[in-house]
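Presented below is the structure to which this report refers.
The values are calculated or read from the model by the stated rules, or taken from the named source; none is laboratory data. Bear in mind the structure is a predicted one, so any value in this text is a computation, not a measurement. Note that each Cβ is placed from the backbone with ideal geometry, even for glycine, and that neighbours are counted across all protein chains shown. The protein model used for the area step is the full one, side chains on, heavy atoms only, and it has no ligands, DNA or RNA in it. Shrake-Rupley method; radii C 1.70, N 1.55, O 1.52, S 1.80 Å.
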Amino acid sequence: MSDTPVVTRFAPSPTGFLHIGGARTAFFNWLYARGRGGRFMLRIEDTDRARSTPEATDAILDGLAWLGLDWDGEPISQFERASRHAEVAKTMLENGTAYRCYSTPEEIETFRETARREGQAALFQSPWRDANPATAPDAPCVVRLKAPQTGVIRVNDKIRKKVEWRAGTLDDLVLLRSDGTPTYMLAAVVDDHDMGVSHVIRGDDHLINAGRQSLIYRAMDWALPVFAHIPLIHGEDGKKLSKRHGALGIMDYLAMGYTAATMRNYLARLGWSHGNDELFTTEQAKDWFDFPGIGKAPARLDFKKLDNVGLFHIARSDDAELMEEIAAYLVQIKEPALDAETAAKLQAALPIAKNGARKLPDILEKAYFATGTRPFEADEKAAEKLNSVSVRVLNELTAALQHANFNKEDLEAVVADFAAQKGIKLGQIAQPLRAVLSGRSVAPSVFDMMAHLGQEESIARLNDAVTRGR
RNA sequence: GCUCCCUUCGUCUAUCGGUCAGGACGCCAGAUUUUCAAUCUGGAAAGACGGGUUCGAUUCCCGUAGGGAGUACCA
């Protein structure tokens with residue numbers, strides 16, 4: 001282990017929302033830095049002026065914020081550093097590792113077509129590479145990297161290990177466009193260098209770029225960062241993620257009701273593992289995360305597994321935290337916020353309602369008995385449990401409840417005794433009881449609900465049903 | 001086309017030459033049971049294929065197939 005401080009970065013291009021793959025890349029970078037007392041930085045790669053928008057930048061920041069991935073310092077705009085990039089290109093021009101190329105787009109296209117037709121690699125070979133500068137026309141030009149034509153280009157990757165390209169299979173990439181703006185290849189290298197980035201953790205789709213970019217590092221005589229190219233995430237059908245798969249954006253998961261802690265755990269396990277550990281906290285992930293645990297093959301999204309992870313995390317979330325998650329969830333699905341009274345009722349019922357919930361809406365559903373108000377109208381399924389017989393039984397139960405202590409244990413005993421006396425099964429009482437207490441067929445334990453509601457409210461709901469049943 | 005990468009149960013994965021190939025989700029069966037769940041017990045389920053190397057390969061090497069990425073004055 002080197003003693004240089006760890007600096008990682010997430011460098012999205014602001015052309016859309018933060019997608020699930022990008023979120024995981026950001027998370028891995030965050031984990032690596034945070035687990036080692038390093039810095040995690042954010043750089044917005046907005047050199048493509050036509051496609052970059054401030055809205056997309058905001059959306060990405062929102063996504064990271066929701067996931068709880070905090071970054072150090074201010075996000076860096078790559079575009080604003082254009083003059084520094086041009087300066088580096090100029091240095092390369094001066095030290096002979098780059099050249100001006102006056103070929104027009106049409107000429108390049110013709111070259112490629114010919115090459116392709118002849119079955120050759122379609123890498124453009126500029127006639128200006130070794131041309132005498134004196135013969136240069138007074139025309140717009142790009143600045144190209146002078147890629148080596150002999151030997152091999154080798155990159156050491158933490159995950160792929162040694163990756164090599166034969167010189168000549170990497171082209172003379174454009175560093176500066178004809179309008180003087182930098183391309184991604186140049187800008188990314190210069191920024192990573194200037195920001196002191198020690199570890200570049202990014203998607204597998206950049207593996208070849210590591211080879212290309214290493215040439216720029218060498219041209220400038222800069223130390224290379226540690227590269228780690230992580231496998232991509234595929235859709236449930238194993239194909240590349242696309243619109244067809246839905247749930248592409250990280251915020252779509254909030255809209256479905258998954259909590260941030262759930263997503264962090266699930267995302268961490270997609271492509272990374274720590275022995276047989278499946279369910280863990282973000283703190284543990286920070287301690288454990290390292291390159292040897294990262295796999296090589298792309299992973300697929302599995303919502304069933306995600307649900308299961310949610311079960312674990314909701315159960316262990318603290319109530320105040322869950323209330324915040326629920327508020328964010330409601331905003332995301334464009335539902336009105338909870339009023340103070342309902343919120344208070346919900347929070348009080350959380351210890352009961354979060355039991356067995358995988359997603360936020362599950363909690364809301366189970367908490368309805370506490371957030372709703374009398375009289376409770378039984379929904380269709382609940383109504384099936386109510387008939388003249390069951391209502392009569394409930395009426396009799398009410399009497400038994402008059403003298404009960406309203407805690408779970410005593411209530412269980414009282415109701416069990418009552419059932420024994422009547423010679424009926426517990427279920428024959430519990431189900432209609434659930435219907436009158438919550439108006440639903442899906443709700444927490446009837447004893448939990450009564451203990452939570454208290455004697456007065458519980459009996460009032462029983463009486464509502466009895467009155468209506470007459 | 002060319003360059004590079006990848007390949008263990010349906011899915012996520014463990015294994016770092018010798019294991020009855022382990023775990024998790026899901027699935028199936030059973031238990032529990034006041035609903036949906038949850039919980040508990042048990043079960044089926046995998047090394048893409050073909051060659052090597054080796055006393056011995058899932059593990060190392062080569063090839064094939066399949067998948068992916070790149071091949072832009074996009075990032």
Looking at A:ARG116, A:ARG81, A:ARG100, can you tell me which residue is in contact (Cβ under 8 Å) with a residue 60 or more places away in the chain and open to solvent by 30 Å² or more (accessible area, probe 1.4 Å)? A:ARG81
If I filter the stretch A:272-284 for residues that are of a type in the set (D, E, K, R), within 18 Å of A:GLY68 (Cβ to Cβ) and within 18 Å of the chain's Cα centre (by Cα), do I get at least one hit? yes
What residue, among those in the stretch A:174-186 that are open to solvent by less than 30 Å² (accessible area, probe 1.4 Å) and within 7 Å of RNA strand B (Cβ to nearest atom), is nearest to A:ILE201 (Cα to Cα)? A:MET185
I'd like the full set of residues that are buried (at least 20 other Cβ atoms within 10 Å of the Cβ) and under 14 Å from A:GLY257 (Cα atoms), limited to the stretch A:332-364. A:LYS354, A:ALA357, A:ARG358, A:LYS359, A:LEU360, A:ASP362, A:ILE363
Residue that is farthest from A:GLY21 (Cα to Cα), among those in the stretch A:162-201 that are assigned to a strand (DSSP E or B) and of a type in the set (Val, Ile, Thr): A:VAL174
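Condition check ((1) closer than 20 Å to A:ALA349 by Cβ; (2) among the hydrophobic types (A, V, I, L, M, F, W, C); (3) away from RNA strand B (no atom under 15 Å from the Cβ)) across all residues:
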position: A:PHE406; (1), (2), (3): yes, yes, no
position: A:ALA420; (1), (2), (3): no, yes, no
position: A:LYS425; (1), (2), (3): no, no, no
position: A:ALA451; (1), (2), (3): yes, yes, no
position: A:GLY454; (1), (2), (3): yes, no, yes
On the given criteria, is A:ALA121 of a type in the set (Gly, Ala, Ser), within 12 Å of RNA strand B (Cβ to nearest atom) and either crowded, with 17+ Cβ neighbours inside 10 Å or touching a residue at least 60 places away in the same chain (Cβ under 8 Å) (or both)? no
Within the stretch A:255-269, is even one residue in contact (Cβ under 8 Å) with a residue 12 or more places away in the chain, outside the structural domain of A:ASP62 (by TED's automatic domain parsing) and among the β-branched types (Val, Ile, Thr)? no
Restricting attention to helices (runs of 4 or more DSSP H) lying wholly within the stretch A:23-117, give those where 3 or more residues are within 10 Å of RNA strand B (Cβ to nearest atom). A:105-117
Test result for A:LEU433, within 9 Å of RNA strand B (Cβ to nearest atom), surrounded by fewer than 16 Cβ atoms within 10 Å (Cβ to Cβ) and hydrophobic (A, V, I, L, M, F, W, C): no
Selection count, the stretch A:175-187, where residues are in contact (Cβ under 8 Å) with a residue 60 or more places away in the chain and on the phi < 0 side of the Ramachandran plot: 8
With (1) open to solvent by 40 Å² or more (accessible area, probe 1.4 Å); (2) under 37 Å from the mean Cα position of the chain (by Cα); (3) at pLDDT below 95 as the list, and A:ASP194 as the residue in question, which single condition is left unmet? (3)
Quick one: in the stretch A:271-285, of everything that is assigned to a helix (DSSP H, G or I) and open to solvent by less than 40 Å² (accessible area, probe 1.4 Å), which residue is farthest from A:LYS359 (Cα to Cα)? A:ALA285
Helices (runs of 4 or more DSSP H) wholly inside the stretch A:295-366 that include at least 1 residues being under 23 Å from the mean Cα position of the chain (by Cα) and within 10 Å of RNA strand B (Cβ to nearest atom): A:303-316, A:360-366
Within the stretch A:394-414, identify whether any single residue is in contact with a Pro (Cβ under 9 Å, 6 or more places away or on another chain) and surrounded by 19 or more Cβ atoms within 10 Å (Cβ to Cβ), and answer yes or no. yes
I'd like the full set of residues that are under 14 Å from A:GLY96 (Cβ atoms), modelled with pLDDT under 90 and either charged (D, E, K, R) or outside any loop (DSSP other than H, G, I, E, B) (or both), limited to the stretch A:131-150. A:PRO133
Please tell me if A:ALA268 is within 12 Å of RNA strand B (Cβ to nearest atom), in a loop (DSSP other than H, G, I, E, B) and either within 30 Å of A:LYS158 (Cβ to Cβ) or open to solvent by 50 Å² or more (accessible area, probe 1.4 Å) (or both). no
